[in-house]
Amino acid sequence: MDERGKISVFEREIAAWNRSDLRGVIAELDGDHEWDLTRSDIPGEKEVHRGHSAYLGFAQRWREALGSTQLEIVEVKELPDGRLFTVLKHSGTGTHSGAEVGRETVQILSFRGDKVARTEVYGDLSQGRAAAGLGR
């Protein structure tokens with residue numbers, strides 16, 4: 001799949017998330033998708049979730065804590081090894097605190113065919129850039 005095709009898959013995934021359509025999100029993910037949060041800064045989420053049901057469990061916990069957050073694609077490009085490097089801006093309101101939430105994360109996506117096979121999430125932008133070979 002070429003860069004534009006990969007970006008289109010990613011854009012559909014993000015659009016589905018923004019519509020609160022989790023089934024639409026997992027439609028873009030391989031059945032054995034790995035959601036790697038080992039380098040994220042999400043409290044209590046430091047593992048690799050495998051498969052659709054594990055991803056849905058994570059998404060449910062996220063939405064319980066932060067409500068229906070919205071994602072904006074800030075940057076996306078294909079890396080020389082075929083993965084996609086992305087920067088996302090998250091915005092929303094904490095469901096319990098009512099506080100505004102705003103942050104940016106890096107996601108590096110690997111593909112199997114026309115589906116996302118692995119998503120690596122980085123809470124630290126410079127760490128995510130370094131992992132993608134883009135320097136700090």
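The values are calculated or read from the model by the stated rules, or taken from the named source; none is laboratory data. As the structure is a prediction and not an experimental result, all values here were calculated from the model. In this analysis, Cβ positions are derived from the backbone assuming ideal geometry, glycine residues included, and neighbour counts consider all displayed protein chains. Quick note on the areas: whole protein, heavy atoms, side chains included, nothing else; ligands and nucleic acids left out. Shrake-Rupley method; radii C 1.70, N 1.55, O 1.52, S 1.80 Å.
Only residues that are part of a strand (DSSP E or B) and either under 12 Å from Lys6 (Cβ atoms) or modelled with pLDDT under 95 (or both): list them for region 116-130, please. Before the answer, list the steps.
Restricting attention to region 116-130, the residues satisfying the condition of being part of a strand (DSSP E or B) are 116-122.
Correct list: Val116, Ala117.
Among the residues in region 10-18, are any out of contact with any strand residue (DSSP E or B) (no Cβ under 9 Å at 6 or more places or on another chain) and open to solvent by less than 20 Å² (accessible area, probe 1.4 Å)? Yes, there is a match, as at least one residue in region 10-18 is out of contact with any strand residue (DSSP E or B) (no Cβ under 9 Å at 6 or more places or on another chain) and open to solvent by less than 20 Å² (accessible area, probe 1.4 Å).
The condition of being farther than 18 Å from Ala15 by Cα and at pLDDT below 95 holds for Gly135. Can you pull out every residue in region 33-74 that is of a type in the set (S, T, N, Q) and within 19 Å of Leu22 (Cβ to Cβ)? Passing the criteria: Ser40, Ser53, Gln60, Ser68, Thr69, Gln70.
Residues in region 19-60 that are within 16 Å of His90 (Cα to Cα) and among the charged types (D, E, K, R) were compared, and the one that is modelled with the lowest pLDDT is Asp41. Counting only residues that are under 19 Å from Ile14 (Cα atoms), open to solvent by 60 Å² or more (accessible area, probe 1.4 Å) and of a type outside the set (Lys, Arg), region 38-66 holds 3 of them. Among what's in region 70-115 and is of a type in the set (A, V, I, L, M) and touching a His at 6+ places or on another chain (Cβ under 8 Å), pick the residue that is modelled with the highest pLDDT. My answer is Leu71. Taking the conditions exactly as written (over 23 Å from Ser126 (Cα atoms) and surrounded by 16 or more Cβ atoms within 10 Å (Cβ to Cβ)), does Ile26 satisfy them or not? Criteria met by Ile26.
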